[in-house]
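What follows is one structure encoded as structure tokens, with my remarks underneath.
The values are calculated or read from the model by the stated rules, or taken from the named source; none is laboratory data. Please read these numbers as outputs of a predicted model, since none were measured by experiment. Virtual Cβ from ideal backbone geometry, glycine too; neighbours counted across all protein chains shown.
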Ligand SMILES: Nc1ncnc2c1ncn2[C@@H]1O[C@H](COP(=O)(O)OP(=O)(O)OP(=O)(O)O)[C@@H](O)[C@H]1O
Ligand SMILES: [Mg+2]
């Protein structure tokens, strides 16, 4: 869709050094003998912009450095080759300096964003004898691909590929989140079960008595025990004391007896004098009294000792009972401690399980949120995939464009072949086995006896090709929202009779009102038929301007 303003070729095919200026609109005729270098001009454009040729061979002269430079209203593009065969591309948008690209591939990609692809240019801006029947002779499937590219629908493929990759990534994400959600749900169930189990175990534990009560009772019992032991010690000491009092009385009686015996012997053992009777009597009375007193004291003592012994026995029994009670309380305290430990263990288990549950719940909510978002994203991506897919918007666009191309081609055919010849383009192909496939079928009415394009005559085929080229060029320009650019018509008049020639010439004149049409032919007499703005004649690779 690019308007070429000049071509400069250096050591390029048959051209040693050629420079050609071209207009924005109007017909330019390029004539010359076979092999003089006419088609080389078109190859110059293909080489400069895309590094390719229509004929698929190298345009450079063996072992020579060469250049193909093309200027448009926006760009200057130069493709070169060194003597050693090293190729390079440089392009710039004047007045800016040539940009430095990382690689030729990157430079080429950037350039194609401006000038479009080689294939689209070839199908919409070039009519060459080699390429003329490219569309018409293509298979229905190829035709669909060509049209998609011409219309820019092929861009949907890249978007669709990206979308499908996104769908795959999102599906992976959904799967991962679903697995996470299942794991968390199992963790929630397990934590709930652990809480239940620990609560059941806790319920089985007896409620322990308040330790404070037991401890107070034990303290009281211990105090009683201590008091009992003290009383026991006192009573035992009393018995001791009473026992020794009894022996004191006995000693006193023994002493009194001894004194009596001494007195009864009537003389003092020491001085030998006789003991007075009164004194002996007195002593005897005293001894009797002492005996009476001793008997009374001994009786009382024995009674007290007996009482005390009874008391000792009671106190011992009390102490034993108290010891038993204290031991029981100690055991109760120890049992209660164990029970408390077990209860604390169950309660800790409940707490831990509940914390796990709460965390799992939070995680599960987060995962559920992410999962819901991923599913929404998935649904959106699937919707986009459908729109980008074969049956979505692209099918609609193709269908509409197809009827546009058909209408435009038939309008051109009306002019160059009369009303008898018509084309039908359908966005599907009927299969022999029944049903349809998504491929563009081309049917020809009014030629070929119902056997299609191939059965039509050479002149009819050429008319159909020209009409289709014009239609494709129009639709492609409209689809891309750009002006048509330079149209290259290389030997399109072969096989046309005078009527056909006149009709095509009139059509070219119409087309050339909006764009430059470069008509290449080895027939110089066309100059008389076509209203040209310039006529170049090429001989031996040199351009001679015949009219400007
Ligand atoms: N790599 C190349 N090096 C040198 N010459 C080449 C190279 N490739 C092609 N040629 C020659 O360049 C010449 C110009 O070819 P071109 O196709 O431009 O001829 P033309 O003027 O269109 O002829 P015709 O009227 O037969 O279509 C031809 O003689 C061709 O053999
Ligand atoms: Mg040629």
Revision key, fill the gap. Expected single match for in the same structural domain as residue 493 (by TED's automatic domain parsing), more than 21 Å from residue 123 (Cα to Cα), in contact with a strand residue (DSSP E or B) (Cβ under 9 Å, 6 or more places away or on another chain) and within 11 Å of ligand 1 (Cβ to nearest atom) among 32, 85, 63 is 32
Check your understanding: In region 469-487, is there at least one residue being at pLDDT 85 or above, surrounded by 17 or more Cβ atoms within 10 Å (Cβ to Cβ) and either within 16 Å of ligand 1 (Cβ to nearest atom) or farther than 27 Å from residue 73 by Cα (or both)?
Key -> no
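Hey, which of the strands (runs of 3 or more DSSP E) in region 27-139, taking only ones fully inside, have at least 3 residues that are farther than 22 Å from residue 479 by Cβ and more than 16 Å from ligand 2 (Cβ to nearest atom)? Step through it out loud before you land on a result.
Details: elements: 66-72, 76-81, 87-92, 126-128.
Strands (runs of 3 or more DSSP E) meeting the threshold: 66-72, 76-81, 87-92.
Test of understanding: among 58, 54, 22, which residue is in the same structural domain as residue 120 (by TED's automatic domain parsing), near ligand 1 (Cβ under 9 Å from one of its atoms) and under 55 Å from the mean Cα position of the chain (by Cα)?
Testing whether each residue is in the same structural domain as residue 120 (by TED's automatic domain parsing), near ligand 1 (Cβ under 9 Å from one of its atoms) and under 55 Å from the mean Cα position of the chain (by Cα) leaves just 58.
To keep it simple, each residue is scored yes or no on (1) in contact (Cβ under 8 Å) with a residue 12 or more places away in the chain; (2) more than 16 Å from ligand 1 (Cβ to nearest atom); (3) surrounded by 19 or more Cβ atoms within 10 Å (Cβ to Cβ).
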{"site": "137", "(1), (2), (3)": "yes, yes, no"}
{"site": "145", "(1), (2), (3)": "no, yes, no"}
{"site": "148", "(1), (2), (3)": "yes, yes, yes"}
{"site": "152", "(1), (2), (3)": "yes, yes, no"}
{"site": "166", "(1), (2), (3)": "yes, yes, no"}
{"site": "169", "(1), (2), (3)": "no, yes, no"}
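Could you check, for region 450-457, whether at least one of its residues is surrounded by 14 or more Cβ atoms within 10 Å (Cβ to Cβ) and touching a residue at least 12 places away in the same chain (Cβ under 8 Å)? Step through it out loud before you land on a result.
Step one: of region 450-457, the residues surrounded by 14 or more Cβ atoms within 10 Å (Cβ to Cβ) are 452-453, 456.
This time we only want the ones that are touching a residue at least 12 places away in the same chain (Cβ under 8 Å), so: 453, 456.
Yes: region 450-457 contains one or more residues that are surrounded by 14 or more Cβ atoms within 10 Å (Cβ to Cβ) and touching a residue at least 12 places away in the same chain (Cβ under 8 Å).
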Review point. What residue, of 261, 207, is exposed (fewer than 14 other Cβ atoms within 10 Å of the Cβ) and not in a helix (DSSP H, G or I)?
Key: 207
**Study point:** Checklist (1) free of Cβ contacts under 8 Å to residues at least 12 places away in the same chain; (2) closer than 30 Å to residue 370 by Cβ applied to residue 188, failing item
**Key:** (1)
Check your understanding: Would it be correct to say that residue 424 is touching a strand residue (DSSP E or B) at 6+ places or on another chain (Cβ under 9 Å) and within 16 Å of ligand 2 (Cβ to nearest atom)?
Key -> no
Exercise for review: Read through the list (1) exposed (fewer than 15 other Cβ atoms within 10 Å of the Cβ); (2) under 24 Å from residue 228 (Cβ atoms), then give the number of the only condition that residue 338 fails.
Suggested key: (2)
